[in-house]
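The structure appears below as structure tokens.
The values are calculated or read from the model by the stated rules, or taken from the named source; none is laboratory data. Bear in mind that the values here come from a model prediction, so they are computed numbers and not experimental data. No Cβ is skipped: glycine too gets one built from the backbone with ideal geometry, and neighbour counts run over all protein chains shown. Areas reflect the complete protein model, heavy atoms only, side chains present, ligands, DNA and RNA absent. Shrake-Rupley method; radii C 1.70, N 1.55, O 1.52, S 1.80 Å.
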Amino acid sequence: MKKVVIALLILLAVLHQDFWLWNRIEPLVLGFIPIGLAYQIGVSIAAGILWALAVHYCWPADVDVPDEPSTPPAPGASHARSH
Amino acid sequence: MSLSNLNPGQTAVLVIVGYMLALVLLGLLSQFVLRLTVADYFVASRGLGSIMLLMSLIGTTMTAFALIGSSGEAWESGIVVYGKMASWSGIIHAAMYFLIGLKLWAFGKKYGYVTQIQFFRDRFESDKLGLLLFPILVGLLIPYVLLGVISSGTAIQQVTAGAFPDFFKATGGAVPYWLGALVTCAVVLYYISAGGVRGTAWVNALQTVIFLVLGVAACYTISEKLGGPVKATQMVIEHNPTRLKRDVTADDLAQYEEKLAAYNADPKAAVVKPREPHRASKVEFTTYLFIPLSVAMFPHLFQYWLTARSARKFRLSIIGQPLLIMVIWAPCVIIGIWATSAIINGQPVIPPEFSRPNGVLPLIVKKLASPALGAFLAAGIFAAVMSSMDAQFLALGSMFTNDLVAHYAGKDRFTDKQLVLIGRVFILLVVCVSYLLALAWRESRVFNLGVWCFSGFASLFPALFAAIYWRRVTKPGVYASVLAAAAVWIWLFQESQYGKSAEPLHYGLTPVTFIFAAATIALVLVSLITRPPSRATIEKFFDPRLPTLAAHAGPEQSVIVGGTGGGR
């Protein structure tokens, strides 16, 4: 699945070059968005979906450093290490 | 005096003052949770959650250009601006967070880095590399900061026109530029000084919400005034159809000539003066992918990456980046296109003699929306400006404090409290200098410098990418890459008359393509013919079973270990 997601991301970057729509206005999506703009908005939505898949299937194993709980500031912490 | 008695300029002042007070209040609140440690002040003790990280990153990467620049560019050149800048940025920014941000966060957490230079010094076993990178990063960041200061002063003067005619006679009643820029600098200075990166993250969350809502609200209101979105687009098809596509045919040119002749013969009957068709370059469209690579090397973005509580907190930012960029950009681009042909009461909304693309959105909002929405637009512009500017000031303070003062003075020379104070004083100096430069260069073409800054940051990307993913990259390779990029950058920059004229295109390619290519070729060639890095360094950065901070911390990292002491 990891390779599929990577391939899809590369394909998205290629499909971003929508030269076949360069000279087209219609169809107007929702009656007012020209097809060239609607397509690129679709690219943005597809990017969100593909990155969600990447986060799920391609998450690097070596970045999950154990969490440190974020503790509330201790009394006098602002004076830590003061001379 | 009731609110209904206020003129539009006074309404704008009221909204702006309210907005600035809200920012000051957030800064004040963040002060109560600030620990006076280097790690808390500069990286919020690496404790931010998913939503705050997403909001901060969006607020920082979206500048005023996303609001007023996008609509102005759409008015000037049509829909191409969305694909060239917004959808490319959505793909590439998320890639940078995934491929670069996550890794740097992990290294930062393991080895205590607070700045990029600490990482580079450690990765390439070179102290002097920091001295080369520091002036380059600062030099590229300063014009970016100036963009913010100049934008805010100009916007305040524009939207408060006629507010106090008796008081500000020289500006026709508008809050003068010098005062607007001063107030913006003072407010930003207050909340970053009070709350450090945590305070700026809180403020940025508020600011991001404002400009997310604003574009959609403005688009809806304007379309209603124009008779609905379908009618608004039909007006563009009738008067300026080439703004709805990216190519220009011989038929389009003939139609344009015909409409222009009709307009010149009888402007009242034609109503809208047709705008000259603009043919988008396919090569330029493709090579714009290099520009968003710059985010990987933004010092202020690096700083925000380090604030994440865990690697998992990046997930929402990676997924949300393309979607939120779309929510901000799409309405503004559509408004810009409608503005080319919008007619109301038989008159064009944008006068035929109007020639300032950046003024299109404020003007159409002023004419077609309520004074309150106009004032909120101003607040949105400030939100976009300030949410980038604050992080940049903070990053400059962090670099000075950690990469110069703490690094060269030694780990025991200063306490954390003293280092935070040094950082604050340096930020104050930078803010003062930026303000004075913004006064002196107000009329200059500083906006043109923005794209050169992005090109410069993008040209450092190959070295950063190799540092994370290529074991064989060497210190001389990085020096060669940085120097080659600088040489090509300077050559092309002087060709553009130091930013005065448009970017010089060679073979239809943007300058960043050549700068990026030079940096990459020099990096690879020199790395291959020079001695590889030590085995210890390779193990440190490429062995997944990395030991923890204490085993590897160098002198400068030790300062940060002490800094995080409050939380450990």
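Using alpha-carbon positions, what is the distance between the centroids of the range B:421-492 and the range B:137-162, in Å?
18 Å
Just to make sure I understand: if all protein chains stay in place, what is the order of B:Lys245, B:Lys268 by accessible area at 1.4 Å, largest first? Kindly include the intermediate steps, with their values, before the conclusion.
Working: B:Lys245 15, B:Lys268 180 Å².
Greatest to least solvent exposure: B:Lys268, B:Lys245.
Give the separation of the Cα centroids, the range B:228-242 to the range B:41-75, in Å.
One Cα centre to the other: 32 Å.
Could you name the lysines in cross-link range of B:Lys103, using Cα to Cα under 25 Å and dropping any fewer than eight places away on the same chain?
Straight-distance partners of B:Lys103: A:Lys2, A:Lys3, B:Lys128, B:Lys313, B:Lys475, B:Lys540.
Given a 1.4 Å probe, show me the residues in the range B:261-306 buried by at least 50 Å² of accessible surface when comparing the whole protein assembly to the chain alone.
SASA drop of 50 Å² or more in the range B:261-306: B:Lys282, B:Phe285.
Using Cα-Cα distances under 8 Å and only pairs 6 or more residues apart, what relative contact order does chain B have, in percent?
Working: 954 pairs, mean separation 166.8, N = 568.
Once divided by the residue count of chain B, the mean separation gives 29 percent.
Run the accessible area of chain B with a 1.4 Å probe and give the carbon-and-sulfur part as a rounded percent.
66 percent
Using modelled backbone amide H atoms (1.01 Å from N, in-plane), which distant-in-sequence or interchain residues come within less than 5 Å of A:Val29's amide H?
Those qualifying (amide H under 5 Å, at least 5 residues apart or on another chain) are A:Ile35.
Straight-line reach from B:Lys366: which aspartates and glutamates have a Cα under 19 Å away, not including same-chain ones fewer than 8 places off?
Partners found: B:Glu73, B:Glu224, B:Glu353.
Accessible area lost on pairing A with B, both sides, 1.4 Å probe, Å² to nearest 100? Don't skip to the end; give the middle numbers.
Values: alone 7150 and 22990 Å², together 25050 Å².
Buried surface at the A/B interface: approximately 5100 Å².
With loop defined by DSSP as not H, G, I, E or B, and exposure as at most 14 other Cβ atoms within 10 Å, which is the longest segment of chain B clear of exposed GluC sites (Glu not before Pro)? Intermediate values should be presented prior to the final figure.
On the way: sites that count: B:Glu125, B:Glu353, B:Glu443.
Looking at chain B, B:126-352 is the longest stretch - no exposed GluC sites (Glu not before Pro) with at most 14 other Cβ atoms within 10 Å.
Once all Cα-Cα distances of the range B:71-112 are split into 5 Å bins that start at 0, what whole-number percent is in each one?
Using 5 Å bins, I get a P(r) of 6, 21, 16, 13, 12, 10, 9, 7, 5, 2 for the range B:71-112.
Give, in whole angstrom and from largest to smallest, the semi-axes √(5λ) of the equivalent ellipsoid of the protein assembly as shown, with λ running over the eigenvalues of the Cα gyration tensor. Let's see the in-between values first.
Values: eigenvalues 352, 180, 95 Å².
Semi-axes, largest first: 42, 30, 22 Å.
With no solvent and one point on each alpha carbon, what is the Debye value of log10 I(q)/I(0) for chain B at q = 0.09 Å⁻¹?
-0.69
For chain B, return all DSSP H helices satisfying: extent of Cα atoms along own axis at least 15 Å; mean Kyte-Doolittle hydropathy at least 1.0.
Both cut-offs are met by B:8-33, B:50-61, B:128-159, B:177-225, B:314-339, B:371-398, B:416-440, B:446-459, B:511-529.
Search the structure for amide H atoms under 5 Å from the amide H of B:Ile343, placed 1.01 Å from N in the peptide plane, and list their residues when 5 or more places away or on another chain.
Those qualifying (amide H under 5 Å, at least 5 residues apart or on another chain) are B:Val349.
May I ask you to evaluate 6.51 cos²θ - 1.76 cosθ + 1.60, the Karplus curve with θ = phi - 60°, for each residue of the range B:267-273 and list the ³J(HN,Hα) values in order in whole Hz, giving x for glycine and proline?
x, 5, 6, 6, 6, 9, 7
Can you tell me the accessible area per residue over the range B:163-251, all protein chains present, probe 1.4 angstrom, in square angstrom?
Spelled out: the 1.4 Å probe surface of the range B:163-251, per residue, equals 37 Å².
Can you give me the long-range amide H partners of B:Ala308? Hydrogens built in the peptide plane at 1.01 Å from N, cutoff under 5 Å, separation of 5 or more residues or another chain.
Amide H to amide H, under 5 Å and 5 or more residues apart or across chains, B:Ala308 pairs with B:Leu48.
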